[in-house]
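Visitor: This structure is in structure tokens; I'll ask about it shortly.
The values are calculated or read from the model by the stated rules, or taken from the named source; none is laboratory data. If you're wondering where the values come from, they're calculated on a predicted model, not measured in any experiment. When we count neighbours, we look across all protein chains shown, and the Cβ atoms used for this are built from the backbone with ideal geometry, even at glycine.
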């Protein structure tokens, strides 16, 4: 029998290394959201999420490894577990279907985003209308950038 196939028989088919409570969100972490928007990727958010859930991941991995070890010991394969523990760990990671970042985003009430139109609206500063052009002209520039018709 193929060794990998034999190992997969002892590992749960569905694995969740992370659990994000429905009350956990990114609402108080606008700085991370802004950094992700500015860099145009979610690397910083993934780093933070894995930092926040590192202990949970470690604990869950330990539980899955213990469950697998016990299942293999029941079939007199304790030596096989010790010999292939790294492979078993990788198989558990491969079967992990949880993504803490997706869950945090889904639980968040505010989703910030930034889209540059490549249009400069002159004179607009911190909510004060000190424009050198009319509001109608500014709206016209935005509509033109988005290829929208008036009305």
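Visitor: Is one or more of the residues making up region 62-69 modelled with pLDDT of 95 or more and either in contact with a strand residue (DSSP E or B) (Cβ under 9 Å, 6 or more places away or on another chain) or farther than 26 Å from residue 17 by Cβ (or both)?
Guide: So far as region 62-69 goes, yes, one or more of its residues are modelled with pLDDT of 95 or more and either in contact with a strand residue (DSSP E or B) (Cβ under 9 Å, 6 or more places away or on another chain) or farther than 26 Å from residue 17 by Cβ (or both).
Visitor: Provide a single number: the residues in region 5-29 that are outside any loop (DSSP other than H, G, I, E, B) and either within 15 Å of the chain's Cα centre (by Cα) or surrounded by 13 or more Cβ atoms within 10 Å (Cβ to Cβ) (or both).
Guide: So the count comes out to 4.
Visitor: Pick from 98, 122, 116: which is at pLDDT 75 or above and either exposed (fewer than 12 other Cβ atoms within 10 Å of the Cβ) or part of a loop (DSSP other than H, G, I, E, B) (or both)?
Guide: Numbers: 122 fails: at pLDDT 75 or above; 116 fails: at pLDDT 75 or above.
Of 98, 122, 116, the one residue that is at pLDDT 75 or above and either exposed (fewer than 12 other Cβ atoms within 10 Å of the Cβ) or part of a loop (DSSP other than H, G, I, E, B) (or both) is 98.
Visitor: Go through 89, 106 for me and flag whichever is within 13 Å of residue 17 (Cα to Cα) and not in a loop (DSSP other than H, G, I, E, B). Give the derivation first.
Guide: Numbers: 106 fails: within 13 Å of residue 17 (Cα to Cα).
Just one listed residue meets the conditions, 89.
Visitor: For residue 65, only one of the following conditions fails: (1) under 18 Å from the mean Cα position of the chain (by Cα); (2) surrounded by 15 or more Cβ atoms within 10 Å (Cβ to Cβ). What is its number?
Guide: (1)
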